[in-house]
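Working notes, structure below.
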Amino acid sequence: MSATEATPKKNHSRSAALFEEARHFIPGGVNSPVRAFRGVGGNPLFFQGGEGAWLIDEDNNRYIDYVGAWGPLILGHRHPDVIAALQAQLQLGLGYGASTEAEITIAKTICSLVPSIERVRLVTSGTEATMSAIRVARGFTRRDRIVKFEGCYHGHVDGLLVKAGSGALTLGEPDSLGVPKAYTDLTHVLPYNDIDALAALFEKHGREIACVIVEPVAGNMNLVPPVPGFLEAMRQVCTQYGAVLIFDEVMTGFRVALGGAQSHYQVTPDMTTLGKVIGGGLPVGAFGGRREIMEMVAPLGPVYQAGTLAGSPLAVAAGMAMLKAIQAPGFHEALSVRTQRLMKGLEERASAAGIPFTTHSVGGMFGCFFSTEDKITRFEQVMACNVEQFRKYFHLMLERGVYLAPSAFEAGFVGTAHGDAEIDLTLDAAEQAFAAL
Ligand SMILES: *Cc1c(COP(=O)(O)O)cnc(C)c1O
């Protein structure tokens, strides 16, 4: 029996009907673009629920979930501690627009877990966190220029929706209609993992640069870890020229290690942005850093920042339950081992089928590349991967009950709910998918 015969086609009729209806009321039928399956073709699925490592779609198909709500669900769907914390808070109220003790508890926890954070403020999304961090860095340094890296995503902040200009030392161009050229005129875009380009830019403009913002493990161009020395070089030039180093740990925070990428790689930035995992599935973001920098923020300082729903008791309850659970001894070590087992298994099966394929993983996040390269370290290498092969693989896996991110350029996530059984099922599905490619 061939691999394709072994797996009957799943029924997706209700998802297809819902997508058709959604398109009449929501732009593109989705509330965030990657959900629309444009990167893989076909209709997106609509989901009715989740349980542990599993998702259940509107046609009652079950899938092992490697998206995890794009990162937050490190404990899986409906973890009992998170649900209990939410239920307890529901009895008390949804929000007061005033301070609660729980906000102190979560702030203390964040300050104790993340090496760079001495003071922290909660916001409601990753975008809001990076936008605010950059404003604070500019206020603190009284400088305007900022530096980001090609392939890194920091949310849809105007000044960060930038693509590289014609040369590494030139300023970026807007990457979205609606972003005035003037908004990106102060944003430099450098190649990720290029230490020389960083040094050259600082030599020329170092004293005008307010901050460098970087994903310490790039998770928005598939997954590209920093090459040895890259984060260290960034730390060195920022210190030398008095610029603020911001690690955008919205994805990596609490995921690659308890203290984030900064503890994993032992490079301490001046500021850190958080999101995704920190809310346990509810909308929470945060930015924090050295005390003298964070004291620039209103009401203490002259940098304005505010939020009606910031520190929402419900979101804080979910986030705190999650932060408690992930402090269990050996939590991240076990997560890393599981993720590595999955990656090694996939590489072996691809190799047996003669498919050029390579992977990266750090903690509970991973990247898979249909590529002949040994290891991927640069944006151009990511862009050169075989996207067509990924598209086919995505649908072959979906038919076999494995839900991957619907784009060749997104990282994947393993959580504690992914047991050996789920990993084995995934590897069996992959073996069939590789054979069918
Ligand atoms: C997801 C993400 C953001 C944006 O967060 P939102 O909550 O979607 O606004 C910012 N930075 C990084 C590194 C991310 O992965």
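Things worth noting here:
- Residue check, Lys181 open to solvent by 40 Å² or more (accessible area, probe 1.4 Å), farther than 28 Å from Ser361 by Cα, modelled with pLDDT of 95 or more and not hydroxyl-bearing (Ser, Thr, Tyr): no
- Residue within the range 103-114 that is open to solvent by less than 80 Å² (accessible area, probe 1.4 Å), outside any helix (DSSP H, G or I) and either among the basic types (Lys, Arg) or in contact with a Gly (Cβ under 7 Å, 6 or more places away or on another chain) (or both) present: yes
- Among (1) open to solvent by 10 Å² or more (accessible area, probe 1.4 Å); (2) more than 20 Å from the chain's Cα centre (by Cα) - the single one Asn220 does not satisfy: (2)
- Considering the range 251-278, the residues that are surrounded by fewer than 24 Cβ atoms within 10 Å (Cβ to Cβ) and of a type in the set (A, V, I, L, M) include one that is farthest from the chain's Cα centre (by Cα), namely Val267.
- Filter pass, Glu58 being surrounded by fewer than 19 Cβ atoms within 10 Å (Cβ to Cβ) and touching a helix residue (DSSP H, G or I) at 6+ places or on another chain (Cβ under 7 Å): yes
- Single condition Met234 does not satisfy, out of (1) closer than 23 Å to Gly155 by Cα; (2) away from the ligand (no atom under 16 Å from the Cβ): (2)
- Residue in the range 268-286 that is more than 16 Å from the ligand (Cβ to nearest atom) and under 19 Å from Ile146 (Cβ atoms) present: yes
- Across the range 22-37, the number of residues qualifying as open to solvent by 100 Å² or more (accessible area, probe 1.4 Å) and touching a residue at least 12 places away in the same chain (Cβ under 8 Å) comes to 1.
- One residue from Glu422, Glu373, Glu431 being of a type in the set (Asp, Glu) and in contact with a Phe, Trp or Tyr (Cβ under 9 Å, 6 or more places away or on another chain): Glu422
- Some residue of the range 79-91 being in contact with a strand residue (DSSP E or B) (Cβ under 6 Å, 6 or more places away or on another chain) and either touching a residue at least 60 places away in the same chain (Cβ under 8 Å) or away from the ligand (no atom under 16 Å from the Cβ) (or both): yes
The values are calculated or read from the model by the stated rules, or taken from the named source; none is laboratory data. Remember, predicted model here, so these are calculated numbers, not experimental data. Here Cβ is always computed from backbone atoms with ideal geometry, including for glycine, and neighbour counts include all displayed protein chains. Protein only, heavy atoms only, side chains kept; ligands, DNA and RNA dropped before computing areas. Shrake-Rupley method; radii C 1.70, N 1.55, O 1.52, S 1.80 Å.
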